[in-house]
Structure formats: structure tokens, C-alpha cells
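I have placed the structure first, in the form of C-alpha cells, so that the comments after it can refer back to it.
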Amino acid sequence: MPAGTLYRGREGMWSWVAHRVTGVLIFFFLFVHVLDTALVRVSPEAYDKVVATYKTPIVALLEYGLVAAILFHALNGLRVIAVDFWSKGPRYQKQMLWTVMGIWVVLMVGALYPVLGHAVRELFGS
Amino acid sequence: MSADTTTATSGIGPVEGGAGTAYGVDNPAPVIEAPRKRTAKTPRSTRGNFEMAAWLFMRLSGIVLVVLVLGHLLIQLVLDGGVSKIGFAFVAGRWASPFWQIWDLLMLWLAMLHGGNGLRTVINDYAERDTTRFWLKMLLYTATVFTVLLGTLVIFTFDPNIR
Ligand code: HEM
Ligand code: HEM
């Protein structure tokens, strides 16, 4: 085994990487989102035209991805806060990460129909 | 510290400049300056409060954003037919209420400042050249201020009878 110079941590490091990647993604989304919402000041037609793209099946999939990113960032953010402020936080950080992942999976399954249902109906007929 | 850096059994491979060299009195290891060493350029007090305030702000705003953003997503993507119902008329209905105006305003400011400060950290971590880091942060601050001001203006000047 060659000695690597790259630090490969365990759960703690990967959750940090995921927290960082999702945070940056959400920021870029928000930038575009405020721009598209600003179209309500241009005209109702301009706004409705852009929002129509939000309703297409492909963008629905992106919305599902956005929900995935936000749910992870929010739940893991609460875990980071608990690690920092709760005296037993650091000791239970790993258990808290698996709790976060568990809640995340449940919420993602719950979001399947509300977020992607209309896209499935459009693609395969109702 | 062990002088031998090439022992196969240690699990640590050869270190640059260390192969076959044993550091000792006649071959001293290079000095690594302590990261926090005070230099002529170090200000008298290095204990500014800004980074601590920023650290605390990330946590406090995060807690509030859980409610604001997850509530927003629930309203926009899940309730009442999900995205399908969104349109100019829907927004007009929502911004007719000061409650949702304030909700959106607070969400806009907190999310942009939280995300902006988070991105500042990311830039500080990865952009190593001083000029690159400076210009990336200028771009970030410009985009953040622009977005916050535009979003605020849109909420306050929204006109349901624009037509
Ligand atoms: C795909 C998911 C999303 C949809 C469909 C959506 C939809 C909307 C709509 C229709 C509005 C108009 C005002 C209102 O109804 O409250 C709005 C405003 C807003 N949304 Fe979202 N949103 C989404 C995700 C997000 C996320 C993830 C964030 C935060 C990170 C966010 C932050 C905001 C803000 C700050 C405003 C106010 C904009 C302004 O001041 O001009 N939205 N959104
Ligand atoms: C939904 C509720 C949210 C919670 C609970 C939350 C929590 C946190 C916490 C605690 C941190 C600090 C992590 C650390 O210091 O290691 C953080 C970092 C960050 N957050 Fe959030 N956040 C939320 C929403 C958002 C939103 C809406 C955005 C984007 C606009 C965002 C973007 C970021 C970024 C870019 C970082 C920096 C990541 C890093 O330095 O690795 N967050 N978040």
C-alpha cells in the first residue's frame, strides 16, 4: 500500500464534505431563485412563463435533488449544532449522523409522490 | 521523534527528502515555523470577535432557517398540488398577507447571509493566492448584496395590479 498524503476520514469527514457541497449548491439555487421571482415585477406573463419550466418532468427531478440537499444540510446542520453546544454531542456524533440519515431517508420517501407525482402523470398519462 | 522514515513495517511510506536520510546533529531537519507565530505584521490583538460572531451566526441562523426553509418547501412543493399551483396569482395571494411577506423577507436575509458567510469560508479554504481570494470574495459580496437588495425590493414593491 503506497502511503497517501490525502487524509481520508471516516463518517465525520464525509458528512462535512456533504454539508459543504450541499450548502454551496443551495446558495447557487437561491441566487437564481431570487432572480426568477423578481420577474413578478416585470409582468405576470414573464413570471408564469419561467415558472412553467419549474413544472416540467426534468426540472421536477432537479427539485427532488434540491429537496434532498436541503434536508441533508438542515438535519446535519442541527447535528453540528448539537456537537458544538451539547456536552455529550461529540460522544454521540456518529449515532446522531445515522439518526440524521434515517430521518432523511424517511422524508425523501415521503417527498417522492408530492414532488415527482405530477411528472410521472405527465410522462405516462394520468 | 524517530529519525527513520522509511521503515516498511511502520505503515508510513517514504517522506519527501527523507528517503535514506537520517536527521541528526549533522543533518538537521528543516525548521517548520509555528502556524500562530507572531511576526512584525501581526496586530497587537489577534482576538477580534468577528470570526466568533460569524461562527455563532451560522448556528443561530441555521436553527431559524430550518423552520423558514422547510416550511417554504412544504408550501411550495407539497401542499395544494405542489408546484402545479404556482403562478403570478398564487404569489399575489401570498404577498397580500404581511405574515408571508415578513416570512419571505427574513428567509431571504438569513439564507443569503448564512450562505454568503459559508461561501466566504469555502473561498478562504481553497483559494490560496492572495489576489484570487480577494477577487473571489469581492464577487461573492457583490452578488450577495445585489441579491438581498433585489429580493427586498421585490417584496416591498410587489404590485398585484401590474397589468
Ligand atoms: C423548488 C423549490 C421552491 C419553489 C417551487 C419555490 C417557490 C417560491 C415562490 C412561488 C415564491 C414567491 C413568494 C411566495 O410564494 O412565498 C418564492 C419566494 C422565495 N423563496 Fe422559494 N421556492 C423554492 C425553494 C426555495 C428555497 C430552497 C429557498 C431558500 C434557500 C427559497 C427562498 C425563497 C425566498 C428568499 C423568496 C423571496 C424572494 C424575494 O424576496 O423576491 N425558496 N419561492
Ligand atoms: C435549513 C437550515 C440550515 C441549517 C440548520 C444550517 C446549518 C449550518 C451550520 C451549523 C453550518 C456551519 C457548519 C460548520 O461550521 O462546520 C452551515 C454551513 C453552511 N451553510 Fe447552512 N444551514 C441551513 C441552511 C442553509 C442554506 C439555505 C444555505 C444556502 C443559502 C446554506 C449554506 C451553507 C454554507 C455554504 C455553509 C458553509 C459550509 C462549510 O463551511 O463547509 N445553509 N450550515
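The values are calculated or read from the model by the stated rules, or taken from the named source; none is laboratory data. Being a predicted model, the structure only gives us computed values, none of them experimental. In this analysis, Cβ positions are derived from the backbone assuming ideal geometry, glycine residues included, and neighbour counts consider all displayed protein chains. Only protein heavy atoms, including side chains, enter the accessible area calculation; ligands, DNA and RNA are left aside. Shrake-Rupley method; radii C 1.70, N 1.55, O 1.52, S 1.80 Å.
Listed values, structure above:
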{"item": "Inter-chain Cβ neighbour average for residues B:111-119, partner chain, 10 Å", "result": "4"}
{"item": "Rounded to whole Å, sorted largest first: equivalent-ellipsoid semi-axes of the protein assembly as shown, Cα gyration tensor", "result": "46, 25, 18"}
{"item": "Positive minus negative residues near A:Ala38 (Lys, Arg vs Asp, Glu; Cβ under 15 Å)", "result": "-3"}
{"item": "Net charge over other residues, Cβ less than 11 angstrom from the Cβ of A:Gln95 (K, R count +1; D, E count -1)", "result": "+3"}
{"item": "Between B and A, accessible area buried - total, square angstrom, nearest 100, 1.4 angstrom probe", "result": "3300 Å²"}
{"item": "Under 15 Å, Cβ to Cβ, from A:Lys55 - net charge with Lys/Arg +1 and Asp/Glu -1", "result": "-2"}
{"item": "Partner chain coverage, peptide A:37-46 - average Cβ within 10 angstrom", "result": "5"}
{"item": "MRE, 222 nm, helices only [DSSP H, n ≥ 4, -39500 (n - 2.57), over chain A, to nearest 500]", "result": "-28000 deg cm²/dmol"}
{"item": "Shielding of A:106-114 by partner chains, average beta-carbon count, 10 Å", "result": "2"}
{"item": "Calculated [θ] (222 nm, deg cm²/dmol) that DSSP helices of n ≥ 4 give over chain B, each run adding -39,500 (n - 2.57)", "result": "-19000 deg cm²/dmol"}
{"item": "Long-range lysine pairs (8 or more apart or interchain), the protein assembly as shown, Cα under 27 Å", "result": "4"}
